[in-house]
Every structure is written in structure tokens, then in C-alpha cells.
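Quick notes on the structure that follows.
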Amino acid sequence: MDRIFRYLWFVVVMKITWVLPDSRPVMWFRGLLVKLCFKKCGHNFQISSDVKINFPNKMTLGNNVYIAHGSWLNAQGEIELEDEVMLGPYTVISSGNHTLENGSYRYGKPHRAPVKIGYGSWTGAGVTLLPGVVVGKSCCCAAGSVVTKDVPDMSVVGGVPAKILQ
């Protein structure tokens, strides 16, 4: 019941506040209102409008985390965003995926694996992170990247699938 209440509270807050501009004070206020929905949430959490999060009760957020407009996060297998992580617009993080069973992906047993983004890392617009990925500290995932493997600390990755650029 707690999970359902947290999810409903998140949905209600996001629906009510979507008309407000995505200014820092509004995003901070929105973050303050949804803070209780998460497994753990640090201070100064900012969240833009039109963000969708499935299973917020399985997400851990550090201090000074920012989630941009249009992001979609599926925390079914758990997601951890360490301190000072920034998610660019339309970032997709999925900690769960479909598997093939009897020739169909529709009813295959779900594959779940935690996703972690390290301190001070940033995803550009339209980045997708797949289940089980660990993005190290101080990393940049270039816009449009699909991150399928772990990213070492202090790296810049880009492409489909993402490769180390720097």
C-alpha cells in the first residue's frame, strides 16, 4: 500500500504543478513535494515538469540532483543517482527489460538490474541507459547516446551503442 500511495502522490504533484514554469524555485518546490516518494532523497532535489517515474520507492537520490523535462525513469530494478547528478531532457533510464519466452516478448519474464549514476555525472538530451549499467563519477553521456555497458570514471561517452570518446 505504501508503494501505491507514494506513486499516486508523485503523479498528483506532477499533474498539479505542470502548468508552473520550470524555473529553479518551482523545480525545487516540486522536488520538495515529491521527496517522500523516493526510497531516499537528499537536499536540493530539482525536478522539471513532465517527468515520469515508475517505482519511485525504489530510487535513491543524492544531494543536488536535477532531472530535466520529459525524462522517463523505470526504477523497477532500482536506480541510484549520486550527489550532483544531472539528467538532461528526455533521458530514459530503464532498470528492467523484456525477455523472450515461447517466441514472444509480451509475457517473457522481466530482466531487472540496478542502474547507478556516479557523483557529478551528466546525461545529455535523449540519452538512454539500459538495465545493469553503472556510470562512473564525473562522466558525460553525449546527447542521443544509448549506454549499454558500464562507463569508467571521468569519461565522455557517445553513440549508439555508447563508446568512450574521451
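The numbers here are math on the coordinates, done by the rules we state, and not lab data. Just so you know, these numbers come straight off a predicted model, no measurement behind them. Glycine gets a Cβ as well: all are built from the backbone with ideal geometry, and neighbour counts include every protein chain shown.
Descriptive notes on the structure:
- Verdict on residue 105 being of a type in the set (Phe, Trp, Tyr) and surrounded by 15 or more Cβ atoms within 10 Å (Cβ to Cβ): no
- Test: residue in region 58-70 that is part of a loop (DSSP other than H, G, I, E, B), on the phi > 0 side of the Ramachandran plot and touching a His at 6+ places or on another chain (Cβ under 9 Å): yes
- In the set 29, 45, only one residue is aromatic (Phe, Trp, Tyr), surrounded by 15 or more Cβ atoms within 10 Å (Cβ to Cβ), without any contact (Cβ under 8 Å) to a residue 24 or more places away in the chain and farther than 23 Å from residue 76 by Cβ; that residue is 29.
- Cβ pairs under 6 Å, 6+ apart, first in region 95-106 and in a loop (DSSP other than H, G, I, E, B), second charged (D, E, K, R) and surrounded by fewer than 11 Cβ atoms within 10 Å (Cβ to Cβ): 99/109
- Scanning region 128-166 for residues that are free of Cβ contacts under 8 Å to residues at least 40 places away in the same chain, touching a Phe, Trp or Tyr at 6+ places or on another chain (Cβ under 8 Å) and assigned to a loop (DSSP other than H, G, I, E, B) yields a total of 2.
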